[in-house]
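Below: one structure, written as structure tokens.
The values are calculated or read from the model by the stated rules, or taken from the named source; none is laboratory data. Bear in mind that the values here come from a model prediction, so they are computed numbers and not experimental data. Cβ sites come from the backbone with ideal geometry, for glycine too, and all protein chains shown count toward neighbours. In case anyone asks, the SASA skips ligands and DNA or RNA and just uses the protein heavy atoms, side chains included. Shrake-Rupley method; radii C 1.70, N 1.55, O 1.52, S 1.80 Å.
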Amino acid sequence: MIAAIAFVFFVLFGLPIGFAIGVAGVVGLISMGGTQFLAVGPGKIFNGLNIFPFLAMPFFILAGEIMNDTGITTRLVRLAQVLVGRFRGGLAHANMLASVFFAGLTGSATADAAAFGRTLVPAMVKEGYKRDYACAVTAAGSIIGPTIPPSGLMVVYGSLMGVSIAGLFAAGILPGLVICAVCMLVIFLGGERENLPQAARGATLREVGQVFASSLTALAMPVIILGGILGGIVTPTEAASIAVAYAAFIGTVVYRTLTFRSLYQMLVRTARITGVIFVIIAFAGILGWYLSFERIPQAIASAVMGLSDNRYVIIAIIIGLLMLVGMVMDITAILIILGPVLVPLTEQIGLHPMHAGILFVLALNISLMTPPVGACLFVLSSVTGEKLERISIKLLPFLIAEMLVMFIFAFWEDAALLLPRLLGFA
């Protein structure tokens, strides 16, 4: 209890989340028996990071940075436009479809929101869309990125919980595609109400072929990553390093837009992002050991099981808790802190580890676009200048639709594990 109080106290006073976790862990160790337990701290920090699959994270981040910087985003958006631009609200549909293409490059919701906030939102406003609606569409599509692999959250969950990362990647494909389809349905149904513009003409077959040919180098990236991992040819870490090499080759040889100066800046950004994540993971090793020693996960599991023995009620409680905390806290930190606490609970109700992983990923991703601290909302608000509350209002139909998809996959195990079972991971 004292560790939890210390954590909340330091977070409220502005201490970075990673250090707040570390201080809370140290407070917990001291409360167990004075300073004698502090000797285990360095070992737990090292062991928390000494997990090979974690190497995939900086490589995936760097590959996404390179692909973004070399103009791949523009090509993917253009491909989405020629495929669905002929429909009413075509640019909104293209925004959603581009998020699917973009997912295979970065696996980051905030990266998706920032990239499309700078490119697609202004383009949609120019075509006659209201800016708050354009931001809402972009926010709704941004969570497709970390749902369709590669996904940093899946790497963290799989590494910490001992679950096949390749299996989690396979399990994320179908929910991501369904979220895209459902959001496009929301756009279609709201076309009249929002007075969405319609293109004067659709792209010809020749134009589609030309744009598709120019986008092949970008579309090859997810094929390399997913094909290698799901085919059992390479590990996620090896696939991530291959993706970096491929992106660097495309940027320097094919598009010739990658410079040493821009590469240096990308390496710096990658180091910053990775550093923040790894500090959280490292210090969570101390807090996690303290929680395990005090048998807190088991106590929480027993308390929740005491509320109900209904499997679906417990799943709903877990989802509600994840989304509630996700509204005010970094989702990677939530996964690291609450994962060891809640996973034993999912095991008690017979949830498959991969099914539980997808449940965690979907709930935390959706929390990225819920106020008051939805990261994607803040990114879009800062990039476009649109008010947060206006984006949130327009986002509501998309949020309801995505939550419906989440509950379907949470309650329907056969749907959640369809691809992992077909590919032999589950």
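Quick notes on this one:
- Pairs of lysine residues in the chain - Cα separation under 22 Å, sequence separation of 8 or more or cross-chain: 4
- The average projected area of the range 183-310, computed from the convex hull of its Cα atoms over all directions, is 16.6 nm².
- When its C-alpha radius of gyration is set against 2.2 N^0.38 Å (N residues), the range 337-426 gives a value of 1.33.
- For the chain, complete DSSP H runs whose alpha carbons reach 27 Å or more along their own long axis and whose mean Kyte-Doolittle score is 0.0 or higher are 165-189, 205-230, 260-293, 388-411.
- Taking only protein heavy atoms and a 1.4 Å probe, the accessible area of the chain is 68% carbon and sulfur.
- Cα-centre dipole for the chain with unit charges at Cβ (Lys and Arg positive, Asp and Glu negative), debye to 20: 1000
- 5 Å-binned pair-distance histogram of the range 3-92 (Cα, whole percent): 3, 11, 11, 10, 11, 10, 9, 8, 8, 8, 6, 3, 2, 0
- Å² of accessible area per residue within the range 257-394, as computed with a 1.4 Å probe and no ligands counted: 44
- Take 7-19, 162-174, 236-248 and order them by the average number of nearby Cβ atoms within 10 Å per residue, most first; the result is 162-174, 236-248, 7-19.
- Taking every alpha-carbon pair in the chain and binning the separations at 10 Å intervals from zero gives 5, 21, 31, 27, 12, 4, 1, 0 percent.
- Heavy-atom accessible area ranking, 1.4 Å probe, most first, across H352, H93: H352, H93
- Entry for the range 304-384 at q = 0.14, 0.18 Å⁻¹: log10 I(q)/I(0) = -0.48, -0.72, Debye formula applied to identical alpha-carbon scatterers, no solvent contribution.
- Accessible surface for E294 stands near 90 Å², nearest 10, in the context of the full protein assembly shown (1.4 Å probe).
- In Å², nearest 10: area of Y133 left accessible to a 1.4 Å probe: 10
- Pairwise inverse Cα distances across the range 242-353, averaged and inverted, put the Kirkwood hydrodynamic radius at 17.3 Å.
- Rg to Rh quotient for the range 221-271, alpha carbon positions, Kirkwood Rh: 1.06
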